[in-house]
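**Q** Got a structure for you, questions after.
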């Protein structure tokens, strides 16, 4: 279970890092990423360097969120099996060496 917890921690860190990059672009252009992404994918925006990068960050975030849900659901399934009770015991994770 420690491996799953560390993996969840790493995925959450990745998502936060991507959100920080997205926030810079959202502030710069005054659009939230889902709205920008829709406009870009429908061809209403040019393919500038910033926009291509923005799409990359946003799609990476969506992929990491999907992976997070998969890993989390498996982790919760294991916890439910191990606990054998109605409430789950979630404990704070130790931050890996070199982490924030």
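Read-outs: derived from the displayed coordinates by stated rules, not from any lab. All values reported here derive from a predicted model rather than from experimental measurement. Virtual Cβ from ideal backbone geometry, glycine too; neighbours counted across all protein chains shown.
**Q** State the extension gain, in nm to one decimal, for the chain segment bounded by residue 9 and residue 52, taking 0.36 nm per residue of separation less the distance between their alpha-carbons. Let's see the in-between values first.
**A** Details: separation 43, 0.36 × 43 = 15.48 nm, distance 2.77 nm.
Full extension of this stretch gives 12.7 nm more.
**Q** If I take every Cα pair under 8 Å that is 6 or more residues apart in the stretch 2-82, average their sequence separation and divide by the length, what percent do I get for the relative contact order?
**A** Numbers: 36 pairs, mean separation 39.1, N = 81.
With pairs under 8 Å counted, the relative contact order is 48 percent.
**Q** Given the Cα-Cα distance of residue 82 and residue 44 and 0.36 nm per residue of separation, how much length would full extension add, in nm? Intermediate values should be presented prior to the final figure.
**A** Values: separation 38, 0.36 × 38 = 13.68 nm, distance 5.09 nm.
Fully extending the segment from residue 82 to residue 44 adds 8.6 nm.
**Q** Okay, moving on. Once you order the gyration tensor axes a ≥ b ≥ c over the Cα atoms, which shape class does the stretch 2-82 get: rounded for a/c under 1.5, otherwise prolate or oblate by comparing a/b with b/c?
**A** Working: a/c = 3.64, a/b = 2.60, b/c = 1.40.
Note, shape of the stretch 2-82 comes out prolate.
**Q** Continuing with the same structure: Between residue 90 and residue 35, take the C-beta separation as r, use R0 = 35 Å, and let me know the FRET efficiency to the nearest 0.05. Kindly include the intermediate steps, with their values, before the conclusion.
**A** Details: r = 34 Å, r/R0 = 0.96.
The computed FRET efficiency comes out at 0.55.
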